[in-house]
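Worksheet: one structure, shown below.
No value in this document is a laboratory result; all are computed from the given coordinates. These numbers come from a predicted model, not from an experiment. A quick note on method: Cβ atoms are made from the backbone with ideal geometry, for glycine too, and the neighbour counts reach across all protein chains shown.
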Ligand code: UDP
Ligand code: MG
C-alpha cells in the first residue's frame, strides 16, 4: 500500500460524503494504492452512519469508531496505529485542507524527506482568536524545538510510516511530531498548502486550546514526550498567576519611578513577589506531576483511545 489518509471525524455529518468524494477524485488519476481511514471520535450526530455508508460503497474506506470523544490527537493516533501505507497523511474532516495537495506532499516525500509539513500560507481562520495565537505559538515552538516551520498546527502533513511508529501521541501533541521526528534523525521539510473555510458545521476548538498547546510544548521540551492533565491543571494557573505578577510588577515599577511612591513595605511589592513566586511554583509542580502521570500511563501501556468497532480492515 502506497498511502494511508487519516481523518479524525467529530460531528462532521455534512462533510463526510463531500470529503470522501473529493479525496477519491483527487487520487483517481494518480494510480496510487491507498486507504482512507476515517476515525469517528465519538460523534453525537449522524457522522457514523455516513462513515458506514462510505465504507460499504468503497473498500478503500476503513472506519475506526472510538468509544467516546477522545480529542483530535487521540483520534489521529488511532488512525496512525491502524495505517498500513508506506506514507501516512492526516487531514481535517471539514475540507479546510485540500485533497489536491496530497499528491504534492507525496512528491516531496519521494524526494527523500521523512516528514513534509503543510504550511497554510493563506489561512482562512479568524485573526484574533486563531491566527494571532498561532503566530505567537509558532515562533515560540520554533525557538523551543529548534525545528523551524511556519505552521506547526496544520493537520495536513505527510509522514513515512516508520517515523510515526516511534512517537506516542498525547494531549494536543500531533503538531509536535515533526520536531520529535527531527530529534531522532528524520529529514523534515515544509510545503505551502491550500486552506479553505470550513465547509459545514462548526469548529470544535476555542481559545483554551492555545493554552493547552503552550503547556504541551513545555512538556515536550522537558520530557520529549507527552500526557495531558496535571501540567494543564497547575500550569494554567501558573501562567495566570505569573501574568498577574508581571502586571502588578509593572504597576509597582511605574509607581516607584514615575510617581516616586515609596516601595518600602508597600503591599504591592509583596503581592508581586508572591504572584511571581507562586506562578513559577505552579508550573514546576505541574511538570513534576506530568512526569509521574506519564510514568504511570507508560507503565500500564494504557492507550490514549479505546476502539469500539472497525470496518473494512482485513
Ligand atoms: N476533531 C476530532 N475530535 C475532537 C475535535 C475535533 O476528531 O474532539 C476533528 C474534527 O472533526 C476535524 C478536525 O479534528 O476533522 C479539526 O477540527 P476543527 O475543524 O474543529 O478544528 P479547527 O480547524 O477549527 O482548528
Ligand atoms: Mg477545521
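So what is the relative contact order of the stretch 231-299, in percent, for Cα pairs below 8 Å that sit 6 or more residues apart?
On the way: 66 pairs, mean separation 36.5, N = 69.
Relative contact order of the stretch 231-299: 53 percent.
Considering the chain as a Gaussian network with a 10 Å cut-off on Cα pairs, which listed residue, 116, 284, 16, attains the greatest mean-square fluctuation?
284
Neighbouring Cβ atoms within 10 Å as the yardstick, rank 76, 191, 263 fewest first. List each step's numbers first, then the result.
Numbers: 76 27, 191 18, 263 13.
Listing 76, 191, 263 from fewest to most nearby Cβ atoms yields 263, 191, 76.
So how tilted is helix 208-223 from the main axis of the chain? Cα-based, degrees 0 to 90, rounded to 10.
Taking the Cα atoms of the chain, the angle to 208-223 is about 90 degrees.
Give the relative contact order (percent, whole number) for the stretch 36-86; include only Cα pairs under 8 Å separated by 6+ residues. Walk me through the numbers before you get to the answer.
Working: 57 pairs, mean separation 24.3, N = 51.
About 48 percent, as a whole number.
Provide the FRET efficiency to the nearest 0.05 for the residue 270-residue 143 pair, computing r from the beta carbons and using R0 = 35 Å.
Values: r = 33 Å, r/R0 = 0.95.
It comes out at approximately 0.55.
Going by how many other beta carbons lie within 10 Å of each one, how would you line up 24, 117, fewest first?
Numbers: 24 17, 117 27.
So the ranking, lowest neighbour count to highest, is 24, 117.
Suppose the chain between residue 259 and residue 111 were pulled fully straight at 0.36 nm per residue; how much longer would it get relative to their current alpha carbon spacing? Kindly include the intermediate steps, with their values, before the conclusion.
Values: separation 148, 0.36 × 148 = 53.28 nm, distance 6.34 nm.
Between residue 259 and residue 111, full extension yields an extra 46.9 nm.
Place a point 7 Å from Cα of residue 136 in the direction of its Cβ. Which residues in the stretch 154-177 have their backbone N less than 20 Å from it?
Answer for the stretch 154-177: 154, 172-173, 175-176.
What do you get for the angle between helix 72-81 and the principal long axis of the chain? Use alpha-carbon atoms, 0 to 90 degrees, nearest ten.
Value to nearest ten degrees: 40.
Set the Förster radius R0 to 35 Å, insert the Cβ-Cβ distance between residue 126 and residue 33 as r into 1/(1 + (r/R0)^6), and round the FRET efficiency to 0.05.
Details: r = 39 Å, r/R0 = 1.11.
E(calc), rounded to 0.05, equals 0.35.
Ranked by Cβ crowding within 10 angstrom, fewest neighbours first, how are 217, 19, 136 ordered? Working shown, then result.
Values: 217 21, 19 26, 136 12.
By the 10 Å Cβ count, ascending: 136, 217, 19.
Report relative contact order for the chain in percent, whole number only (criteria: Cα-Cα under 8 Å, sequence separation at least 6).
Numbers: 553 pairs, mean separation 65.4, N = 314.
Value for the chain: 21 percent.
Springs between alpha-carbon atoms under 10 Å, Gaussian network over the chain: tell me which of 115, 251, 87 tops the mean-square fluctuations.
Highest fluctuation of the listed residues: 251.
Expressed as an acute angle from 0 to 90° and rounded to the nearest 10, what is the orientation of the C-alpha long axis of helix 132-145 relative to the principal long axis of the chain?
The helix 132-145 is inclined about 90 degrees to the chain.
State the Cα centre-to-centre distance between the stretch 241-289 and the stretch 11-58 in whole Å.
The stretch 241-289 and the stretch 11-58 have Cα centres separated by 53 Å.
Run the simple label-point estimate for residue 246 and residue 183 please: 7 Å along Cα→C-beta, distance reported in nm.
Rounded to a tenth, the inter-label distance reads 2.5 nm.
For the chain, what does -39500 (n - 2.57) per DSSP helix run (n ≥ 4), summed and divided by total residues, give at 222 nm, in deg cm²/dmol to the nearest 500?
Numbers: 10 runs with 148 residues, N = 314.
After summing the helix terms and dividing by residue count, I get -15500 deg cm²/dmol.
Expressed in nm to one decimal, what extension gain is obtained for the pair residue 278 and residue 56 from 0.36 nm per residue of sequence separation less their Cα-Cα distance?
Values: separation 222, 0.36 × 222 = 79.92 nm, distance 5.65 nm.
Roughly 74.3 nm would be gained on extension.
Mean-square fluctuation check for the chain, GNM, Cα pairs under 10 Å: which of 155, 295, 241 is largest?
295
List, largest first, the extents of the alpha carbons of the chain along their principal axes, each in whole Å.
If we take the Cα atoms of the chain, the spans are 77, 42, 40 Å.
For the stretch 231-299, what does the alpha-carbon gyration tensor say about shape, rounded, prolate or oblate, given a ≥ b ≥ c as the root eigenvalues, a/c under 1.5 as rounded, and a/b over b/c as prolate?
Numbers: a/c = 5.99, a/b = 3.89, b/c = 1.54.
The shape class here is prolate.
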